[in-house]
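Trainee: First, the structure itself, so that you have it in front of you.
The values are calculated or read from the model by the stated rules, or taken from the named source; none is laboratory data. For clarity, every value in this text was computed on a predicted model and none was experimentally measured. Positions of Cβ are generated from backbone atoms using ideal geometry, with glycine treated the same way; all protein chains shown enter the neighbour counts.
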Amino acid sequence: MATSTIGERATTIDVRRKRFSETYIGEWITTTDHKQLGLMYLITGFFFFVVGGMEALLIRTQLALPNGKVLDPDTYNQIFTMHGTTMIFLFVIPVLSGFGNYIVPLMIGARDMAYPRMNAFGFWLLLFGGIFMQSSFLFGQAPNGGWFMYAPLSELAAGHAFQATPHMNADFWLLGTTLLGISSITGSLNFVVTVFKLRAPGMSINRMPLFTWMILVMSFLLLFALPSLTVASVLLLLDRHMGAHFYQYGSGGDPLLWQHLFWSFGHPEVYILILPAFGIVSEILPVFSRKPIFGYTFIAWSGVAIGFLSFTVWAHHMFAVGLPSIAQAFFATSTTLIAIPTAVKIFNWLATIWGGKIRFNAPMLFALGFIAMFLIGGLNGAALAVVPFDYQITDSYFVVAHIHYVLFGGTALAVFAGIYYWFPKFTGKLMDDRLAKWHFWVTFIGLNLTFFPMHLMGILGMPRRVYTYPANLGWNDLNAMASVGAFIIGVGVILFMINIIKSLKAGQAAGDDPWDAYTLEWDTTSPPKKYNFLEIPVVRSRRPFYDKKYPDIADWKNVIKH
Amino acid sequence: MSVAHGEQVRVLEEEHGQVGERSLNWWGMVFFIASEALIFANLIAAYLYLEIRNNNDIWQLPHSNLFLPLLNTAILLGSSVSVHFAGTGIRKGNVRQLIIGLSVTIFLGACFLVGLAYEWTSLIADEHFSISSSIFGSAFFTLTGFHGLHVTIGAIFLAVCLVRATKGHFSKQQHFAVQAAEMYWHFVDVVWLFVVTLVYFVPLFR
Ligand code: HEM
Ligand SMILES: [Cu+2]
C-alpha cells in the first residue's frame with residue numbers, strides 16, 4: 001500500500017462495480033436533489049391527474065343520460081370519492097409542491113432546500129401513500145364517503161340497525177390521508193425554513209418573488225391546518241375499531257364534530273390549493289407583459305390575509321346543519337370578507353397587464369384563462385356565502401360548478417401555465433407553442449361546456465353525489481352537455497401529453513432564458529447544474545435577473561418605484 | 001454536491017450568527033413542535049366541544065383518587081429538570097453529565113408510562129370504565145393515550161441520544177439531536193399540564 005500512487009487509485013475506482021446510487025435508476029431513487037425531487041413530484045402528480053381524470057370520465061359517462069347503467073350505485077360512490085380525493089391530495093398538492101421544490105430554491109438563490117433528505121422522505125411517503133389509497137380498488141373497497149368522509153356515514157355502524165361503512169373503505173381513506181398529511185408536514189417545514197433561512201444575500205422578505213411568497217403562506221397553512229384532519233381521522237379510526245363514540249349521536253358523541261374538524265382543515269386546504277397558483281400567475285403575467293408586477297406589496301400581503309382569514313370561515317360548509325343564527329351570521333361575514341383580498345389580487349393582475357407589451361405565448365394564455373375562470377369561481381363562491389341562497393343550493397350541482405371553476409379553471413390552468421413556463425428550464429427545450437395553444441382552447445371550451453351547465457343543474461335542483469336521475473326532471477340536456485365537455489377536456493389532456501413527449505424528443509433548444517424573464521431561476525443553465533449557481537447571486541431589487549441583463553435601467557437605480 | 005449545499009448553509013448560518021442554538025435544524029424543530037401542539041389543541045377543542053354539546057353525560061372519572069395523576073405530574077416535571085441537566089451538560093461539553101441526565105430522564109419517562117398503564121388497567125378492570133363506556137371514556141382514553149404515545153416517542157428519541165452519547169457522537173459543538181430531544185421532551189411535559197388539568201382537576205369544580 002505504501003507504494004500506491006494516485007494514478008493507481010484512479011484505476012481501482014474505474015474498475016469497481018457501480019454503486020446502486022450511481023446507476024440511472026438508482027440515482028433517481030436515492031436522490032436528495034431538490035430539482036430531481038421536484039420533477040418526481042410533478043410526474044407523480046400528473047400520473048394521479050390522469051387516474052383522477054379517468055375516474056371523472058367514468059362519472060360523466062354514467063351521468064350522460066338519465067337512468068345510466070354504466071356503474072352500480074356502490075361503485076359510483078367509490079369512483080366519485082376517489083376522484084375528489086385523488087385530485088386534491090394526489091394531484092394538486094404534489095404538483096404544487098413539485099413546482100415549489102424545483103423553483104423556490106432557484107428563485108431565492110439557494111443550492112438546495114434546507115433539509116434535502118427529509119425532502120426525499122416526503123416524496124416517497126407521498127408516492128406510497130397514493131399507491132396505498134388507490135390499491136383499495138384491488139379489494140373492491142375504495143373509499144366511498146365523499147372526499148370529506150362525513151361521519152356517521154363513515155362509521156362502522158351507525159346505531160344498531162344501520163350498517164354505515166362496515167368494510168375497509170373508510171379505513172383506506174383515513175390511513176391514506178394521514179400518511180399524505182405527514183408527507184405534507186415534512187414538505188412544508190422544509191419550505192418554511194428554506195424560505196426564511198436560505199435566501200441569497202440582499203433578498204429581503206420584500207424582494208422575494210411572489211411565487212415564493214405564496215409557497216410560504218401555503219406551507220404555514222398546511223402546518224396549521226393538517227393537524228385538524230389528523231385528529232378528525234384518528235378519532236374516527238378509534239370509533240371504528242376501538243369502540244369509542246366520538247361521532248355517534250346515540251352514545252353521547254356528535255357527528256357535527258367531524259364536520260367542524262374536517263372543515264377547519266378543509267377550508268384552509270382549498271386556499272392551500274389556490275395560493276401557489278396565484279403565485280405562478282403572478283410570475284408569468286409581468287414577464288409576458290414586459291412590466292413589473294403591479295402592487296407587489298398588496299399581492300403578497302393579501303395572500304397573508306387570505307391565509308389568516310381562511311381559518312375563520314370553515315362553517316360556511318355547514319350552513320344547512322342548523323348552527324345558531326349568530327354563528328351563521330359570523331361565518332357569512334368572514335366568508336364575504338375573504339373575497340376582498342382575493343379581489344385585490346385580481347385587480348393587481350389586471351393592472352399588471354394594462355398597457356403592457358403583451359406576448360400571447362402559451363404560459364400567458366393559460367394565465368389569462370386562469371384569471372377569467374377564477375373570477376367566475378370566486379363570484380359564485382361569494383353567492384354561496386349568502387346564507388339563504390346557500391340553503392337552497394347547498395349539496396347541489398351549483399357547488400360542484402363552484403369547486404371546478406376555482407380548482408380546474410383556477411389551479412389546473414395555472415399548473416399548465418407553470419409547466420409551459422418552466423419546461424424550458426426543466427429540460428433545456430422549448431415546448432411546441434402552436435400545439436400548446438390548441439391545448440389551451442380545447443381545454444377552455446371543454447371546461448366551460450362541462451362546468452357552466454352545472455350552475456343551472458344546481459339551480460334546477462339536481463343534488464350532487466347521485467348516481468343517476470330520472471328522465472323527466474329537465475336535467476337531461478345539461479348533463480349531456482357536461483359529459484361531452486368532459487371528453488373534450490380529455491382530448492386537451494392528450495394534446496398536452498403529445499406536446500410533452502414531442503418536446504422532450506425534438507423540442508427546440510431553449511437556451512437559459514427563453515422568455516427574457518426577471519427572476520433568478522433563469523440566471524443559470526437549463527437545466528441547472530446540481531449546485532444550481534456557480535456563484536450565489538447578489539440581489540438588489542425584486543427583479544435581480546432583469547437588473548443584471550439591463551444594468552442601465554436596473555430596478556434598483558429607480559429607487560422611487562420600490 | 002450536497003457538500004455545496006451544506007457549505008452554503010454553513011456560510012449563511014455563520015454570516016447571520018446562527019451557529020449553535022438557533023441553527024437551521026432548530027427552526028425546523030420549532031415548526032414541527034408547533035404543528036404537534038396543534039394536534040393537541042384540536043384534541044382539546046374536540047373534548048370541550050363534546051362536553052358543551054353533551055353535558056348530560058358524566059364528565060368525570062368513576063373515582064376521585066388524585067394520588068396517581070399528581071405523582072405522575074411530579075415525575076414528568078422532575079424529568080424536565082433532568083433533561084435540562086443533560087442538555088446543559090453537553091452544552092459545556094460534559095458527556096458524562098449528558099449520559100446521567102438522559103438516563104434519569106428515560107427512567108422517569110418509563111415510570112410515568114408505568115403509572116399511566118397502572119391507572120388505565122385499574123380503571124378498565126376494577127371500575128369497568130373504558131373507551132366505549134361513555135363519551136367521557138372515549139375522550140379520557142384518547143387524550144391520555146395520545147399524550148402517552150408522545151411520551152413514548154420522546155423516550156425513544158432520548159434513548160437514541162443516549163446510545164449515541166455512549167458512542168461519543170456528541171460534543172460541545174455538535175449535539176443537535178440532544179437539543180431537539182430536549183425541546184420535544186419539554187413540549188410533552190407542557191402538554192401534560194393541560195391534559196391533567198382538563199381531565200382530572202376541572203371536573204372537581206363542577
Ligand atoms: C372567493 C372566495 C370564495 C368564497 C366566498 C367561497 C365560498 C364557498 C362556500 C360558501 C362553499 C360552501 C358551499 C356549500 O357546500 O353549500 C364553498 C365550497 C367549496 N369551495 Fe369555495 N369559496 C371561495 C373560494 C374558493 C377557492 C379559491 C377554492 C379552491 C381553490 C374553493 C373550493 C371550494 C370547494 C372544494 C368547495 C366544496 C367543498 C365540498 O366538497 O363540499 N373555494 N365555497
Ligand atoms: Cu370553504
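Yes/no matrix, rows are residues, columns are (1) in contact (Cβ under 8 Å) with a residue 12 or more places away in the chain; (2) within 14 Å of ligand 1 (Cβ to nearest atom); (3) in a loop (DSSP other than H, G, I, E, B); (4) away from every other protein chain (no Cβ under 14 Å):
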site: A:Val234; (1), (2), (3), (4): yes, no, no, no
site: A:Phe265; (1), (2), (3), (4): yes, yes, no, no
site: A:Phe288; (1), (2), (3), (4): yes, no, no, yes
site: A:Phe298; (1), (2), (3), (4): yes, no, no, yes
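Trainee: Please note which helices (runs of 4 or more DSSP H) are completely contained in region A:338-419 and include at least 2 residues that are within 20 Å of the chain's Cα centre (by Cα) and within 16 Å of ligand 2 (Cβ to nearest atom).
Mentor: Passing ranges, in order: A:362-384, A:397-406.
Trainee: Another question about this same structure. In region A:236-263, what residues are part of a helix (DSSP H, G or I) and either within 16 Å of ligand 1 (Cβ to nearest atom) or crowded, with 23+ Cβ neighbours inside 10 Å (or both)?
Mentor: First, pick out the residues of region A:236-263 that are part of a helix (DSSP H, G or I): A:236-242, A:249-251, A:255-263.
Once the filter is applied, which keeps residues that are part of a helix (DSSP H, G or I) and either within 16 Å of ligand 1 (Cβ to nearest atom) or crowded, with 23+ Cβ neighbours inside 10 Å (or both), region A:236-263 yields A:Leu236, A:Asp239, A:Pro255, A:Leu256, A:Trp258, A:Gln259, A:His260, A:Leu261, A:Phe262, A:Trp263.
Trainee: So which of A:Met318, A:Met364 ends up being aliphatic (A, V, I, L, M) and surrounded by 21 or more Cβ atoms within 10 Å (Cβ to Cβ)? So that I can check it myself, show each step before the final result.
Mentor: Values: A:Met318 fails: surrounded by 21 or more Cβ atoms within 10 Å (Cβ to Cβ).
On inspection, the qualifying residue turns out to be A:Met364.
Trainee: Check A:Thr312 against each of (1) away from every other protein chain (no Cβ under 14 Å); (2) part of a helix (DSSP H, G or I); (3) within 16 Å of ligand 2 (Cβ to nearest atom) and name the one condition it does not meet.
Mentor: (2)
Trainee: Under the condition of being within 30 Å of A:Tyr546 (Cα to Cα) and β-branched (Val, Ile, Thr), which residue from region A:101-144 is farthest from the chain's Cα centre (by Cα)?
Mentor: Looking at the filtered set, the residue picked out is A:Ile108.
Trainee: From the list A:Asp390, A:Asp395, exactly one residue is surrounded by fewer than 20 Cβ atoms within 10 Å (Cβ to Cβ) and among the acidic types (Asp, Glu). Which is it?
Mentor: Only one candidate passes the filter, namely A:Asp395.
Trainee: So, one more: Just checking, how many residues over region B:21-38 are in a helix (DSSP H, G or I) and either aliphatic (A, V, I, L, M) or more than 7 Å from chain A (Cβ to nearest Cβ) (or both)?
Mentor: Residues in region B:21-38 being in a helix (DSSP H, G or I) and either aliphatic (A, V, I, L, M) or more than 7 Å from chain A (Cβ to nearest Cβ) (or both): 10 in total.
Trainee: Further, regarding this structure: Go through region B:91-102 and report how many residues are crowded, with 17+ Cβ neighbours inside 10 Å and either of a type in the set (Val, Ile, Thr) or under 19 Å from B:Asp189 (Cα atoms) (or both).
Mentor: 4
Trainee: So A:Thr312 fits all but one of (1) buried (at least 23 other Cβ atoms within 10 Å of the Cβ); (2) more than 11 Å from ligand 1 (Cβ to nearest atom); (3) within 29 Å of A:Asn348 (Cβ to Cβ); what number is the exception?
Mentor: Unmet condition: (1).
Trainee: Can I ask one more? Taking A:Ala362 as the residue in question, decide whether it is within 14 Å of chain B (Cβ to nearest Cβ) and away from ligand 1 (no atom under 13 Å from the Cβ). Full working, then the answer.
Mentor: Details: within 14 Å of chain B (Cβ to nearest Cβ): no; away from ligand 1 (no atom under 13 Å from the Cβ): yes.
The answer is no for A:Ala362.
Trainee: Which of the residues belonging to region A:393-443 are hydrophobic (A, V, I, L, M, F, W, C), out of contact with any Phe, Trp or Tyr (no Cβ under 9 Å at 6 or more places or on another chain) and more than 10 Å from ligand 1 (Cβ to nearest atom)?
Mentor: A:Phe423, A:Trp438, A:Trp441, A:Val442, listed by residue number.
Trainee: Could you say which residue among A:Gly140, A:Gly145, A:Gly181, A:Gly122 is more than 16 Å from ligand 2 (Cβ to nearest atom) and either within 30 Å of A:Ile536 (Cα to Cα) or β-branched (Val, Ile, Thr) (or both)?
Mentor: Step by step, each of A:Gly140, A:Gly145, A:Gly181, A:Gly122 is checked, and only A:Gly122 is more than 16 Å from ligand 2 (Cβ to nearest atom) and either within 30 Å of A:Ile536 (Cα to Cα) or β-branched (Val, Ile, Thr) (or both).
Trainee: Which residues, taken from region A:186-215, are within 12 Å of chain B (Cβ to nearest Cβ), among the aliphatic types (A, V, I, L, M) and either assigned to a helix (DSSP H, G or I) or in contact with a Pro (Cβ under 6 Å, 6 or more places away or on another chain) (or both)?
Mentor: Residues satisfying the conditions are A:Leu189, A:Val192, A:Val193, A:Val195, A:Ala200.
Trainee: Right, next: Kindly establish whether A:Gly307 is over 20 Å from A:Trp349 (Cα atoms) and either more than 22 Å from the chain's Cα centre (by Cα) or touching a residue at least 40 places away in the same chain (Cβ under 8 Å) (or both).
Mentor: Numbers: over 20 Å from A:Trp349 (Cα atoms): no; either more than 22 Å from the chain's Cα centre (by Cα) or touching a residue at least 40 places away in the same chain (Cβ under 8 Å) (or both): yes.
Here the answer is no, as A:Gly307 does not meet what is asked.
Trainee: Being in a helix (DSSP H, G or I) and among the charged types (D, E, K, R) is the filter here, so list the residues in region A:446-493 that pass it.
Mentor: Within region A:446-493, A:Asp477 is the sole residue that qualifies.
Trainee: Then there is this: Those residues that are closer than 18 Å to A:Ser97 by Cβ and either in contact with a His (Cβ under 7 Å, 6 or more places away or on another chain) or surrounded by fewer than 20 Cβ atoms within 10 Å (Cβ to Cβ) (or both), I need them from region A:413-445; list them, please.
Mentor: Passing the criteria: only A:Phe426.
Trainee: Being buried (at least 20 other Cβ atoms within 10 Å of the Cβ) and at pLDDT 95 or above: is that true of A:Met462 here?
Mentor: yes
Trainee: OK, next. Return the residues of region A:275-309 that are within 16 Å of ligand 2 (Cβ to nearest atom), touching a Phe, Trp or Tyr at 6+ places or on another chain (Cβ under 7 Å) and more than 20 Å from A:Ala412 (Cβ to Cβ); say none if nothing qualifies.
Mentor: The one that is within 16 Å of ligand 2 (Cβ to nearest atom), touching a Phe, Trp or Tyr at 6+ places or on another chain (Cβ under 7 Å) and more than 20 Å from A:Ala412 (Cβ to Cβ): A:Gly307.
Trainee: Tell me, yes or no, whether region A:494-513 has at least one residue that is under 30 Å from A:Asn67 (Cα atoms) and either in a loop (DSSP other than H, G, I, E, B) or more than 14 Å from chain B (Cβ to nearest Cβ) (or both). It would help to see each step written out before you state the result.
Mentor: Step one: of region A:494-513, the residues under 30 Å from A:Asn67 (Cα atoms) are A:494.
If we keep only those that are either in a loop (DSSP other than H, G, I, E, B) or more than 14 Å from chain B (Cβ to nearest Cβ) (or both) as well, we get A:494.
Checked region A:494-513: at least one residue is under 30 Å from A:Asn67 (Cα atoms) and either in a loop (DSSP other than H, G, I, E, B) or more than 14 Å from chain B (Cβ to nearest Cβ) (or both).
Trainee: Additional query: Count, please, the residues in region B:114-150 that happen to be part of a helix (DSSP H, G or I) and either surrounded by 16 or more Cβ atoms within 10 Å (Cβ to Cβ) or within 13 Å of another protein chain (Cβ to nearest Cβ) (or both). Spell out how you get there, then give the answer.
Mentor: Looking only at region B:114-150, we keep the residues that are part of a helix (DSSP H, G or I), and these are B:114-126, B:135-150.
Among the residues that remain, those that are also either surrounded by 16 or more Cβ atoms within 10 Å (Cβ to Cβ) or within 13 Å of another protein chain (Cβ to nearest Cβ) (or both) are: B:115-116, B:119-120, B:123-124, B:135-150.
Adding up the residues that qualify gives 22.
Trainee: Consider A:Ser183 carefully, then state whether it is small (Gly, Ala, Ser), in contact with a helix residue (DSSP H, G or I) (Cβ under 8 Å, 6 or more places away or on another chain) and part of a helix (DSSP H, G or I).
Mentor: Criteria met by A:Ser183.
Trainee: Pairs please, first residue from region A:94-110 and farther than 25 Å from A:Thr177 by Cβ, second anywhere and acidic (Asp, Glu), Cβ atoms under 7 Å, 6+ apart in sequence or on different chains.
Mentor: A:Ile103/A:Glu521; A:Pro105/A:Asp112; A:Leu106/A:Glu521; A:Met107/A:Glu521
Trainee: Next question. Of the numbered conditions (1) buried (at least 19 other Cβ atoms within 10 Å of the Cβ); (2) of a type in the set (A, V, I, L, M, F, W, C); (3) more than 8 Å from chain A (Cβ to nearest Cβ), B:Ile153 satisfies every one except a single condition; which is it?
Mentor: Status for B:Ile153: all satisfied but (1).
Trainee: Can you tell me which residue among A:Ile79, A:Ile88 is within 16 Å of ligand 2 (Cβ to nearest atom) and assigned to a helix (DSSP H, G or I)?
Mentor: Details: A:Ile79 fails: within 16 Å of ligand 2 (Cβ to nearest atom).
The unique qualifying residue is A:Ile88.
Trainee: For residues in region A:236-263 being polar (S, T, N, Q) and at the interface with chain B (Cβ under 10 Å from one of its Cβ atoms), which is nearest to A:Phe319 (Cα to Cα)?
Mentor: A:Gln248
Trainee: Also: What do you reckon, is A:Thr468 among the hydroxyl-bearing types (Ser, Thr, Tyr), under 19 Å from A:Ile284 (Cα atoms), at pLDDT 95 or above and out of contact with any Ser or Thr (no Cβ under 7 Å at 6 or more places or on another chain)? Spell out the reasoning first.
Mentor: On the way: among the hydroxyl-bearing types (Ser, Thr, Tyr): yes; under 19 Å from A:Ile284 (Cα atoms): no; at pLDDT 95 or above: yes; out of contact with any Ser or Thr (no Cβ under 7 Å at 6 or more places or on another chain): yes.
Here the answer is no, as A:Thr468 does not meet what is asked.
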